[in-house]
Amino acid sequence: MKLFRQDTKVDALRRATLFEGLSRKQLVQLARVSEDLEVPAGKVLCKEGEVGQEFFVIVDGEVEVTKNGKRLATRAGGEFFGEIALLEQTRRMATVTAQTPLRFFVLTRRDFRQLIRDNPGVELKVLQALARRLIQVSGDPTLA
Ligand code: CMP
């Protein structure tokens with residue numbers, strides 16, 4: 001029973017582009033340390049200005065990212081959020097709300113940092129997303 005659950009988890013993790021380069025062994029380890037959760041539409045997962053301790057990877061469903069009440073983006077299956085407050089000791093720069101019932105994985109700050117320390121490919125993808133997100137928030141059209 002437990003094995004089957006872990007296999008399902010590994011398959012779901014494998015589908016996220018972020019984890020594309022990971023070996024089966026690494027995915028199994030990731031499945032072990034990550035928690036898979038489900039929340040209903042409307043649930044706030046990150047709140048702008050609050051301290052954040054978790055990194056999120058969406059399995060199924062959609063979230064909306066807002067800042068000062070304005071929509072920045074929507075994110076869906078395979079995408080991730082919550083990295084900024086974990087990379088640097090800052091507060092959440094935006095609010096992330098489930099728009100549909102959402103299935104996702106959560107990693108603690110410690111496990112997220114370990115993941116990027118051990119996997120340069122994952123680190124690069126996180127940094128690329130970070131750059132894109134900060135450029136978007138800057139609102140400077142010459143950078144887009
Ligand atoms: P963090 O600041 O920890 O918490 C809110 C999250 O929203 C943030 O990390 C990013 O993961 C995400 N986020 C912020 N800005 C954008 C953006 N422009 N596009 C997509 N996601 C964003």
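Which GluC sites (Glu not before Pro) in the range 1-101 pass both tests, a DSSP loop state and at most 13 other beta-carbon atoms within 10 Å?
When the GluC sites (Glu not before Pro) of the range 1-101 are filtered for loop state and at most 13 Cβ neighbours within 10 Å, Glu20, Glu50, Glu88 remain.
Residues of the range 55-78 with the amide nitrogen closer than 17 Å to a label point 7 Å from the Cα of Thr100, along Cα-to-Cβ, please.
57-65, 73-78
Among all the lysines, which ones have a C-alpha under 24 Å from Lys67's C-alpha, if same-chain residues fewer than 8 places away are not counted?
Excluding near neighbours in sequence, the set is Lys43, Lys47, Lys125.
Does the range 88-128 come out rounded, prolate or oblate by the C-alpha gyration tensor, with a ≥ b ≥ c the root eigenvalues, rounded set by a/c under 1.5 and, if not, prolate when a/b is larger than b/c and oblate if not?
Numbers: a/c = 1.94, a/b = 1.56, b/c = 1.25.
Verdict is prolate for the range 88-128.
Tell me which of Val10, Gly139, Leu45 sits at the most positive position along the dipole axis of the chain, charges placed on C-beta atoms (Lys, Arg +1; Asp, Glu -1).
Val10
Over the chain, give the accessible area per residue in Å² for a 1.4 Å probe, as an integer.
Normalised by residue count, the accessible surface of the chain is 59 Å².
Can you give the charge dipole size of the chain about its Cα centre, rounded to the nearest 20 debye, using +1 on the beta carbon of Lys and Arg and -1 on the beta carbon of Asp and Glu? Show your work: numbers first, answer last.
On the way: 24 positive and 19 negative charges, 36 e Å.
Approximately 180 debye in magnitude.
Calculate what fraction, in whole %, of the accessible area of the chain sits on carbon and sulfur atoms when a 1.4 Å probe is rolled over the protein chains.
It is 53 percent, rounded to a whole number.
Report, in cubic angstrom per residue, the convex hull volume of the C-alpha atoms of the range 15-101.
Hull volume normalised by residue count: 98 Å³.
Please work out whether the range 43-144 counts as rounded, prolate or oblate from its C-alpha gyration tensor, where a ≥ b ≥ c are the square roots of the eigenvalues and a/c under 1.5 means rounded, while otherwise a/b larger than b/c means prolate and anything else oblate?
rounded
Efficiency by 1/(1 + (r/R0)^6): what FRET value for Glu35 and Asp11, r their Cβ-Cβ distance, R0 = 25 Å, to the nearest 0.05? Please list the in-between numbers first.
Numbers: r = 16 Å, r/R0 = 0.66.
Between Glu35 and Asp11 the formula returns 0.95.
What is the gain in length, in nm to one decimal, between Asp60 and Thr142 on full extension, counting 0.36 nm per residue of separation less the C-alpha to C-alpha distance?
Contour length minus the Cα-Cα distance gives 26.2 nm.
The values are calculated or read from the model by the stated rules, or taken from the named source; none is laboratory data. These figures come from a predicted structure and were not determined experimentally. Using ideal geometry, Cβ is built from the backbone for each residue, glycine included, and neighbour counts are taken over all protein chains shown. Side chains included, ligands, DNA and RNA excluded: accessible areas come from the protein's heavy atoms. Shrake-Rupley method; radii C 1.70, N 1.55, O 1.52, S 1.80 Å.
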